[in-house]
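Data first, discussion second: the structure below is written as structure tokens.
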């Protein structure tokens, strides 16, 4: 995974000299935001958009689906987008490559793995059931795959020894591969997991995030040069996310579903409500955008366990995270 990031950075770094960091139209500052995938898991972000919290801060969001943390990071360091939403592991990889203008995290959105383990039968699930089976786990070195392997090991099932974790399937192809007959289990985000279950092609067996404990699963980051040049944009962006986090805490699952429905036009309101309830039940979202040091250290533990990070490569919290904007927003 670290080699992949090195290759991507070698490709995109020359482009940073040619691409700008943002633009503005009228009195609104345009922010190009790249998300790692499109999921109800990121409901606070869509609430901030639908409820006008970004607009209240003078921001116009141009949202794109990056299709993976590595691609989001490439877009950020090349200047093709201003802010990225992905796992903090991507920032750790880039920091350890020695990049001078490495991206810093300024706000956290989710605090658990948002994926659910889906099987082919409605079984009385135990992690022992995975022995001798194949689990489609996601991209090697990504937080979903590393967290899955961490949870398996914590439950006495050694990945790649007691069970096969298939990392060959691209993130957006995992559900299709499973329903097409590949693997015995698959880790899926919502609403895809529930859609697979409703179609009769699988059964949701457990929440991986509930098993793993709290980690800073998804966070917002930008290059240091962009943050320094646009502190009001970063503060306004973080304020909007904080407002959305508070809004969700004060509203019902149905109201959240209604607020984000326009961003999931192919998903029914009933399904969105069901998925929102499932995320709320596992306490997936952070109450504020502030990232805690112990949470980041747990992520680094998961990465070290996966063989993607040596203890000597653990990054100093203050070097990677700038909590000042989140603290102001939560204030």
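The values are calculated or read from the model by the stated rules, or taken from the named source; none is laboratory data. Being a predicted model, the structure only gives us computed values, none of them experimental. Glycine gets a Cβ as well: all are built from the backbone with ideal geometry, and neighbour counts include every protein chain shown.
Checked against the criterion of being touching a strand residue (DSSP E or B) at 6+ places or on another chain (Cβ under 8 Å) and either buried (at least 21 other Cβ atoms within 10 Å of the Cβ) or closer than 19 Å to residue 225 by Cβ (or both), segment 120-129 contains not a single residue that satisfies it. Taken as a whole, the condition of being without any contact (Cβ under 8 Å) to a residue 40 or more places away in the chain and either not assigned by TED's automatic domain parsing to the domain that holds residue 158 or not in a loop (DSSP other than H, G, I, E, B) (or both) applies to residue 294.
In the set 193, 246, only one residue is assigned to a helix (DSSP H, G or I) and farther than 18 Å from residue 287 by Cβ; that residue is 193. Taking segment 93-178 and the strands (runs of 3 or more DSSP E) fully enclosed by it, the elements with 3 or more residues that are without any contact (Cβ under 8 Å) to a residue 60 or more places away in the chain and outside the structural domain of residue 276 (by TED's automatic domain parsing) are at 134-136, 164-166. Scanning segment 254-264 for residues being under 21 Å from the mean Cα position of the chain (by Cα) and either touching a residue at least 24 places away in the same chain (Cβ under 8 Å) or more than 17 Å from residue 52 (Cβ to Cβ) (or both) gives a total of 7.
Scanning segment 201-235 for residues that are over 29 Å from residue 99 (Cβ atoms), at pLDDT 95 or above and assigned to a loop (DSSP other than H, G, I, E, B) yields 201, 202.
Considering the conditions (1) without any contact (Cβ under 8 Å) to a residue 12 or more places away in the chain; (2) in contact with a strand residue (DSSP E or B) (Cβ under 9 Å, 6 or more places away or on another chain), residue 240 is excluded by exactly one of them, (1). Candidates 248, 227: the one that is closer than 16 Å to residue 105 by Cα and in contact with a strand residue (DSSP E or B) (Cβ under 7 Å, 6 or more places away or on another chain) is 227.
Tallying residues that are within 15 Å of the chain's Cα centre (by Cα) and either closer than 16 Å to residue 226 by Cα or not in a strand (DSSP E or B) (or both) within segment 77-92 yields 9.
All conditions but one from (1) buried (at least 16 other Cβ atoms within 10 Å of the Cβ); (2) at pLDDT 95 or above apply to residue 12; the one that does not is (2).
Can you spot a residue in segment 40-50 that is assigned by TED's automatic domain parsing to the domain that holds residue 221, outside any helix (DSSP H, G or I), at pLDDT 95 or above and surrounded by fewer than 24 Cβ atoms within 10 Å (Cβ to Cβ)?
No: zero hits.
Being assigned to a helix (DSSP H, G or I), touching a residue at least 12 places away in the same chain (Cβ under 8 Å) and more than 21 Å from residue 210 (Cβ to Cβ), is that true of even one residue in segment 301-316? Yes, there is a match, as at least one residue in segment 301-316 is assigned to a helix (DSSP H, G or I), touching a residue at least 12 places away in the same chain (Cβ under 8 Å) and more than 21 Å from residue 210 (Cβ to Cβ). Scanning segment 19-37 for residues that are surrounded by fewer than 18 Cβ atoms within 10 Å (Cβ to Cβ) and in contact with a helix residue (DSSP H, G or I) (Cβ under 9 Å, 6 or more places away or on another chain), which turns out modelled with the lowest pLDDT? The residue in question is 19. At pLDDT below 95 and under 15 Å from the mean Cα position of the chain (by Cα): is that true of residue 173 in this structure? So residue 173 does not fit the description; no. Tallying residues that are closer than 25 Å to residue 302 by Cα and assigned to a helix (DSSP H, G or I) within segment 62-76 yields 7.
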